[in-house]
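The values are calculated or read from the model by the stated rules, or taken from the named source; none is laboratory data. The model shown is predicted, which means the values in this text are computed figures rather than measured ones. Don't worry about glycine lacking a Cβ; one is built from the backbone with ideal geometry, like all the others, and counts go over all protein chains shown. Surface areas here come from the heavy atoms of the whole protein model, side chains and all, with no ligands, DNA or RNA. Shrake-Rupley method; radii C 1.70, N 1.55, O 1.52, S 1.80 Å.
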Amino acid sequence: MVRLFVALSPRPEALAEVSAAVEPHVEQWPGLRWTAPETWHLTLAFLGEVPETALRGLRTRLARAARRYPPMTLAFQGAGAFPSARRARVVWLGVEGGGAVLSRLAASVAAAGRRAGAAYEEKKPYHPHLTLARARPREGLDVTPLTAVLKEFAGTSWRADAVHLMRSHPGPKVRYEPVGCWPLGGHD
């Protein structure tokens, strides 16, 4: 079994802007476990534990799904927390652009995963975001002042032109490994 997700990879310049905006707040919020900038991505679908025997079919289905959607211009903008700023378990930056196309792409790659054998199915509607931090206490943390400051963030736009299948290696230092990449609106 391999732990997989499908994502868009923001341009390094866009991530450098995010890093510069977030860095001044890291020390002020010791109750948050900040994600490492080298792991930042825009998740389209979390597939969970997938049998390795499903990888070939998954690659074929993801390539097909990617071909159906055009590249998009996106930008990180605004901030928030799940489930709320007063009881945050996750602090995030929002994503502007892509509109309904981005949501349909996310649904399409999730469906590709299910058809290929991924058993995990997200119960919540798709909400594009970049995860910045997770609360150390699992019950949540009031991050209202932090989200108020980060809501002002508006990054430079970047072009999302490919979907990436990533393997997650959980542990004390989470690591992601690329498994495959397919161009949007392109050919395999």
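So the values come out like this:
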{"item": "Cβ charges +1 (Lys, Arg) and -1 (Asp, Glu), total dipole of the chain, debye", "result": "740"}
{"item": "Rounded percent of accessible protein surface that carbon and sulfur make up, the chain, 1.4 Å probe", "result": "52"}
{"item": "Percentage, to the nearest whole number, of Cα pairs in region 105-188 over 15 Å apart", "result": "77"}
{"item": "Segment Arg167-Arg86, length gained on full extension (0.36 nm per residue, minus Cα span)", "result": "26.0 nm"}
{"item": "Qualifying aspartates and glutamates (Cα of each under 20 Å from Cα of Lys151; at least 8 residues distant if same chain)", "result": "Glu13, Glu17, Glu23, Glu27, Glu96, Asp142"}
{"item": "Chain lengthening between Val26 and His127 when straightened (0.36 nm per residue, less Cα-Cα)", "result": "34.0 nm"}
{"item": "Solvent exposure of the chain as accessible area per residue, Å², 1.4 Å probe", "result": "53"}
{"item": "Residues with amide H under 5 Å from that of Gly185, placed H, sequence gap 5 or more", "result": "Arg67, Arg68, Tyr69"}
{"item": "Using alpha-carbon coordinates, inclination of helix 55-67 to the longest axis of the chain, degrees", "result": "80"}
{"item": "Amide hydrogen neighbours beyond the local backbone of His129, cut-off 5 Å, H modeled", "result": "Thr43"}
{"item": "Listed residue (Trp182, Leu132, Ser157) projecting farthest to the positive dipole end of the chain, Cβ model", "result": "Trp182"}
{"item": "Reported label for calculated percent of Cα pairs over 32 Å apart given (i) 34; (ii) 13; (iii) 47", "result": "(ii)"}
{"item": "Ordering of 154-160, 6-12, 122-128 by packing [mean C-beta count within 10 Å, highest first]", "result": "6-12, 154-160, 122-128"}
{"item": "Overall Cα dimensions of region 12-112, principal axis frame, Å, largest first", "result": "46, 31, 26"}
{"item": "Centroid-to-centroid separation of region 49-88 and region 110-186 [C-alpha atoms, Å]", "result": "7"}
{"item": "Nearest 10 degrees, 0 to 90: helix 99-116 Cα axis against the chain principal axis", "result": "60"}
